[in-house]
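Here the structure is laid out as C-alpha cells; the discussion comes afterwards.
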Amino acid sequence: MAAFAKKSRRIRSTEDRVVDTVIAVIMLLVVIVTVYPFYYIIIQAFNNGVDSSLGGMYFWPRRPTLENFETLLADASWGNAILVSVSRTVIGTFLGLFATSAVAYALSFDHIMFRGAYYKIYIFTMYFSGGMIPFYILLKSLGMLNTFWVYVIPGMLNVYYMLILVNFFQTIPRSLYESAWLDGAGDLRVFFMVALPLSKASLATIALFYAVTQWNSWMDSVYYVTKDELRPMSYLMMEIINKSATASTVTNAQSLGHAASAMQTTTTSLQMASMVLAVAPILAVYPFLQKYFVKGVMIGSVKG
C-alpha cells in the first residue's frame, strides 16, 4: 500500500514537471513574440541606416551608431516638438487629474443636488458626441484653435476615469469626512487633505492613463493646429512613417527635412529612432507607477 502511494506521488510529480515545462515554454514564446519586435526596433535605431537596409541583423547592432538620433535631434523642429510633447503631457495630466478627481469627489456623495441628472449627462457623453465639425466650430468660437490649450483643455475630464474615482471615493469611510467637518474643515480642505491622500493608488493609475494619452496623441494636431511650432513629437513621427511608405530606402536629408548624410541614415532608421524616442519616456515612468496600477484599477472598479 505504501509502495503504491509512493508510486502515485512520483507519477503526479512527473506530470507536474511536464505541465510546468509546457507552461514555461509557452510563456517564453509569448515573451519572445511580444518583446522581440520592440527589441528589433531598438537594434535598428542604434545601427547604421544603410547597413540595416542590407538585412541579416536580428540580435544586436552590426554597426552601432547614434547618428539616427543625432539626425532627428539636430532638426530644430524635433527639439521643439519634444518640448511641446513634454509640456502637454505634464500640464494635461495635471489638469485632467485635478478636474476628474474633483468631479468624482462631488458625485461620490449621495446627497448632492441633481446627482442623478449629472450622472445621466456624463454617461450620455460616453456614447454620443456632437461630431467633429461641431466640435471644431466650438473650439474656434472659444479661440483655442492654433493654441497650446487645444491639447489639454478639451480632454480635462474623462468620464470613464471619473467613474472609477467615484467608486473609489465611495469606499472611503464617511466618518473621516465627518471628523474633518467637525474640526471646521471646508469641502476643499477635506478634498485636498483627506480624499486625495487616501487615493494615491487610483490617482497614480489615472495619471498614467492621462500621460500615455497625451504623449501619444497626434490627431488633434492634425485637425486643430496649423502652426509648426505647436506640433508634438508624435505628429513628426507619423510624418516620418508616412514618408517612409513612399520614399526610397536611402534618402537624402533634404527630402525629409533633416540635415543628415544620405549614406548614413535611411527613412527606416529614422523611423525606428523616432519610435524609440516616443516610447522611451513611458517605459521610464511606468516602473514607478506599476505598484499602483492593478491596485488602483481594482479598488476603483469592484464596488458594486
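The values are calculated or read from the model by the stated rules, or taken from the named source; none is laboratory data. Owing to the predicted nature of the structure, the values given are computational and were not obtained by experimental measurement. As a convention, Cβ positions derive from the backbone with ideal geometry for all residues, glycine included, and neighbour counts pool all protein chains shown.
The figures follow:
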{"item": "Test set (1) under 22 Å from the mean Cα position of the chain (by Cα); (2) within 27 Å of Ser269 (Cα to Cα) - Ala99 fails condition number", "result": "(2)"}
{"item": "Given (1) closer than 17 Å to Ala104 by Cα; (2) assigned to a helix (DSSP H, G or I), index of the condition Leu139 fails", "result": "(1)"}
{"item": "Within region 41-136, helices (runs of 4 or more DSSP H) holding 2 or more residues that are crowded, with 20+ Cβ neighbours inside 10 Å", "result": "49-52, 67-74, 76-107"}
{"item": "Scan of region 137-151 for residues that are over 22 Å from Ser85 (Cβ atoms) and surrounded by 10 or more Cβ atoms within 10 Å (Cβ to Cβ), ordered by number", "result": "Ile137, Leu138, Lys140, Leu142, Gly143"}
{"item": "Pairs where the first residue, in region 214-242, is more than 19 Å from Gly96 (Cβ to Cβ) and crowded, with 16+ Cβ neighbours inside 10 Å and the second is polar (S, T, N, Q) and at pLDDT below 85, C-beta under 6 Å, 6+ apart", "result": "Met237/Ser274; Ile240/Gln271; Ile240/Ser274"}
{"item": "Subset of region 151-207 [assigned to a helix (DSSP H, G or I) and in contact with a Pro (Cβ under 9 Å, 6 or more places away or on another chain)]", "result": "none"}
{"item": "In region 150-208, the residues that are within 17 Å of the chain's Cα centre (by Cα) and hydroxyl-bearing (Ser, Thr, Tyr)", "result": "Tyr151, Tyr160, Tyr161, Ser202, Thr205"}
{"item": "Among the residues listed as Ile123, Ile133, the single one being modelled with pLDDT of 85 or more, closer than 19 Å to Tyr105 by Cβ and β-branched (Val, Ile, Thr)", "result": "Ile123"}
